[in-house]
Each structure stands twice: as C-alpha cells, then as structure tokens.
Amino acid sequence: MISSARKRVAVIGGGISGLAAAHRVHELDPEIELTLYEAQPQLGGVVQTARRDGFLWEWGPDNFITQLPWGLQLCRRIGLEPELLPTDDQHRQAFVVRRGRLRKIPQGFVIMAPSRIWPVIATPILSPWGKLRMACEFFLPGQKAEHDESLASFVIRRFGRETYDRLVQPLVGGIYTGDPHQLSVRMTMPRFVEMERSHGSLIRAIWSRRSARSPATTGTSGARYSLFVAPREGMSSLTGALAGRLPAGTVHTGAPVVQIAPRPPHGWTVTLGGSPSKTHSVDAVVVAIPGPAASRLLADVDPVCSQRLGEIHYASCSITSLAYRREQIAHRLDGFGFVVPLREKRSILSGSFASVKYAGRAPDGEVLLRAFIGGACQPELAELPEDELIATAHREFADLLGIRGEPRQVQVSRHPQTMAQYYVGHQQRVEQIEARLARYPGLFMAGNAFEGVGIPQCIHRGERTAEQVVAGLRDDSPASPVSGESICRT
Ligand SMILES: Cc1cc2nc3c(=O)[nH]c(=O)nc-3n(C[C@H](O)[C@H](O)[C@H](O)COP(=O)(O)OP(=O)(O)OC[C@H]3O[C@@H](n4cnc5c(N)ncnc54)[C@H](O)[C@@H]3O)c2cc1C
C-alpha cells in the first residue's frame, strides 16, 4: 500500500508535454512525490539546442506562436519572459517558390485567406484566372455541414485549385510537414471552418474583423512569423528551465518505461526497461509520449485505446542546417524563409533563414539556414544518408538563393515519426480515446497526438492534464476501483 500521506505521480516522457505536466503538478501541489521518466539520455524530446562555434543550432522547433497564450504564460511564470526574442520586424515576410524563383507571399495572406486586395492583384504567384477564382470566394455560399473535411478539399472548394497548389499546400506543408489531402481542416485550421460557418465566406469574415486591426491579418504574410518568439539561447532554455524547477531526484533520464499496469484496488505500476527491470507504484500516471509509443504501452491495459492511438499517423522529417559567409549568398535574405509547393518538384519542403529571423543565431558576417526535408508527401527523402541530406539542402539553397562555394559548417537532425498528422476523423478518434481513458482512474495522457502539435498546445494539454491529476488526488472520495474486468473489456 502507498502511504496515504504523500501521493505519488509518474510522468512518462520528458519532451515539452511531459515537462509541462510535471511542472504544473509540482506547481499545484509541491507535496506530491513526482517522478519523470525519459527514455533518452537527455530531456526535451524534439526540443534540442546547441551553441557551437558562435552559432545557435536548433535540432527541432526554433520558436513558438504567442497568439495561443500558453507558451508565453508559462514563460512568464518561470521567469523566462525577459529572455524571449521577437522576430526581426525589418524582415517580416516569407517567400514561396514559383517556377524556380522565390516570390514574396502577398502581404496579408494568412495561410489560406487574403486580408488585402492589392498584394493579391499584384502577385506574380497566381494567374489572372487564379486571382479571379480566389475573389469568387467572397460570393460563395458557406457550407454548414458538420462533417469533417480534408484541408485540401476545403481550400479548393473555397478558393480554387491554383491558390491551393501555389500557396496553401506549401504553407501547410511547411507547418505540418503534412499532406493536406489527408489532414483534417477542423483539427488543423479550426478558425477558418468557424469563419465559413459564421460569415459564409472567409474573405468576408477576415474583412469584417479587420476593423479590429489585428497584426495577425495585416502587414504580414505566410505563417504569421511576426507573432512568433524564441528564447535568446534557444528552445532548450524552456525545457531546461522547467526541469530546473522540479525537485531534485524527480527526473530519470535513460529510463524507458516498458509497461504500465493497474494496481488494484487503485493506483498504477510503472515498469522500467533494463535488467533487472524495476517497478514503481504510483497513484496516477501521465503518459506524455508520441501516439505509436503510447499505443504500445497501453496494449495490455486497453487494446481498443491502444488501437486508436496506433491509428494516429506521424510523419518524419530531417532538418539540415548549413552555415555560410554572408557574401557567398546573392539573395537579399529579406524575409524569414520560404516554402516550396510540391508542384515545383524539388527535394526540400521549406527553408528557414534562421539567423535572419532571430538575432544572435550566427556570428557577424555569417548566415545560418535550415532546410526541412521529407514530411508526409516525400517520406523517403527524410531517410537519405546524412551526406545526401547535406548535398540536397546545399544544392537547393545554392539554386534558390544564388550561393557560391560550399557551406562552412553543417548539422543534420533527424525526426523519425515525430510530427503528428491529424487526418480527417481525428477528432472522433481523440474522443474515443478520451472515452476509454475515462474508465481508468489515475491514467492520463498528454502529448502532441491529441489537440495540437505546436509547443503552446503541447504545454496547454500537459498543464490541463496535470490539473486533472491533482484534482483527482485531492478528491477525498476514494477513486473508483480499477478491476481486471474493467481493464480488459474491448
Ligand atoms: C522538426 C520539428 C520542428 C518543429 N518546429 C516547431 C516550431 O517551430 N514551433 C512549434 O510550436 N512546434 C514545432 N514543432 C512541433 C513541436 O515541437 C512538437 O509537437 C512538440 O515538441 C512535441 O512534444 P512532446 O513532448 O509531445 O513529444 P516529444 O518531443 O516527442 O517528446 C516525447 C518524449 O517521450 C520520450 N519517450 C517515448 N517513449 C518513452 C517511454 N516508453 N518511456 C520514457 N520516455 C519515452 C521520448 O524519448 C521523448 O523525449 C516541430 C516539430 C518537429 C518534429
């Protein structure tokens, strides 16, 4: 029996989701005995930063959006806000590749809808017919049906094929590394669905809201880079700061959890890999790992839940970072990066001008670029050998940006099966998972498999989960027993 005085909670997974959950549990109730298990030797999951030779190398994410408040709010609470850098206003624009050249994404074009007329009329990215078809969106009646739809189908229906192919597909590919023909519009871009519902047309909705003059829809283009921030010393400052606020002895790295099991009458056991394997008893467990790994862990606990988790797709990508001297690059680099339509038949999803976006990423006179390769539509490219990834990224950058000579430094990071893809029907799948989880008091799930892949959404889910954990443990009434019968029913 666990002592009733001190409750024990295990968090499985030391990415941003697990760290946010563990931190929130400790924040709410420092008396809880907390353990965080991370399979890898280091914390952070896909969030990894290194400072080397004057460059700041980000292995995975390099910033987060502030429009969703949870990342910023957490940074405030942990004292990291003064360290957050805004993007450099001077270069607040992005490009899209069109016929082998970088073209500015029209000002005010946000993911899929224009908020300004003139930049769209003037853009060489779309043909006159494409522009006319886009303008027709204003007059198209809205669809009120409740069924889910793919992002591609939604955009083609509203704005036409050309806007989809030349602008929306590459922008969405750049964010989700995903295939818009599979992605659920409701889960990935819910506010656009809501705009269609409320105003009948996205253009009408954006224009009617423009009176508020939100910077989100004016004067920016592409993925709304101006709303992003990054810690001065990189994203690992965030995960490091969270870990640093946990009590000593909480974090166990190199500790893969191989099994969880209910411990009647209530509570859970967590078994670590290795020999001899160790088993710990806890009152509640938070599983904060990617869908496929969570599916394996829950296979014996609830086969149905495990199956639903296993159905959540994950895409792979690689990031190749290349450093050049500024004078090697002919392009003005007057933006934050570019996205590449699949129709251009290139081997790169997007390119980021990392040291232009944020100050302090490269020494004076040097430039750091990041190439995203692979994703759901070109999965084989993510698995190229390292030298081919470097050659591919350099070739693409050299061609698109007019680069002479070789990169001075390179770094490859691989992200196999890390980016959750919310396919059509995802919401229903998540509801089914939540319904199954509700049968198991003390078992909770966080992570990017559920309701958002961005850092703020992962933080939000982790923190809300922690709040449920603490509320459950505080509840004086004994938790309903977990019996073998309730566990294995399918
Ligand atoms: C290349 C890339 C770039 C991105 N860029 C951005 C960006 O700029 N901005 C943004 O907001 N979002 C970005 N994202 C998305 C965001 O970074 C991720 O969705 C988020 O970091 C996921 O965090 P997580 O903790 O849920 O999962 P992960 O980071 O995957 O962490 C899960 C952890 O669980 C551990 N684990 C797995 N199984 C076990 C086990 N059995 N026992 C113990 N530990 C286990 C893993 O080792 C891992 O450390 C990016 C994602 C990728 C892949």
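The values are calculated or read from the model by the stated rules, or taken from the named source; none is laboratory data. All figures in this text were calculated on a predicted structure; none of them were measured in a lab. All Cβ positions, glycine included, derive from the backbone under ideal geometry; neighbour counts span all protein chains shown.
Please return the ranges of strands (runs of 3 or more DSSP E) entirely within region 269-370 where 2 or more residues are surrounded by 22 or more Cβ atoms within 10 Å (Cβ to Cβ) and modelled with pLDDT of 95 or more.
284-287, 313-325, 337-339, 350-352
The rows are residues; the columns are (1) touching a helix residue (DSSP H, G or I) at 6+ places or on another chain (Cβ under 7 Å); (2) in a loop (DSSP other than H, G, I, E, B); (3) within 22 Å of residue 56 (Cβ to Cβ); (4) at pLDDT 95 or above.
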| site | (1), (2), (3), (4) |
| --- | --- |
| 90 | no, no, yes, no |
| 96 | yes, no, no, yes |
| 103 | no, no, no, yes |
| 107 | yes, yes, no, no |
| 119 | no, no, no, no |
| 124 | no, yes, no, no |
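Spot the failing condition for residue 46; the list is (1) surrounded by 15 or more Cβ atoms within 10 Å (Cβ to Cβ); (2) more than 9 Å from the ligand (Cβ to nearest atom), and only one is missed.
Every condition holds for residue 46 apart from (2).
Filter region 456-465 for residues that are in contact with a helix residue (DSSP H, G or I) (Cβ under 7 Å, 6 or more places away or on another chain) and over 12 Å from residue 69 (Cβ atoms); which is farthest from the ligand (Cβ to nearest atom)?
Looking at residues that are in contact with a helix residue (DSSP H, G or I) (Cβ under 7 Å, 6 or more places away or on another chain) and over 12 Å from residue 69 (Cβ atoms), I get 465.
Hey, among the residues in region 442-453 that are at pLDDT 95 or above and not hydrophobic (A, V, I, L, M, F, W, C), which one's farthest from the chain's Cα centre (by Cα)?
442
Those residues that are more than 21 Å from residue 316 (Cβ to Cβ), within 14 Å of the ligand (Cβ to nearest atom) and either of a type in the set (A, V, I, L, M, F, W, C) or part of a loop (DSSP other than H, G, I, E, B) (or both), I need them from region 16-37; list them, please.
19, 20, 21, 22, 36
Which count do you get for residues in region 173-200 that are out of contact with any strand residue (DSSP E or B) (no Cβ under 7 Å at 6 or more places or on another chain) and of a type in the set (Val, Ile, Thr)?
3
Hey, residue 6 hits all of (1) crowded, with 17+ Cβ neighbours inside 10 Å; (2) in a loop (DSSP other than H, G, I, E, B) but one; which does it fall short on?
Condition (1) is where residue 6 drops out.
Just to be sure, is residue 291 in contact with a strand residue (DSSP E or B) (Cβ under 8 Å, 6 or more places away or on another chain) and in the same structural domain as residue 15 (by TED's automatic domain parsing)?
Yes; evaluated as a whole, the condition is true for this residue.
Out of the residues in region 146-169 meeting the condition of being among the acidic types (Asp, Glu) and in a loop (DSSP other than H, G, I, E, B), tell me which one is modelled with the highest pLDDT.
Top of the filtered list is 149.
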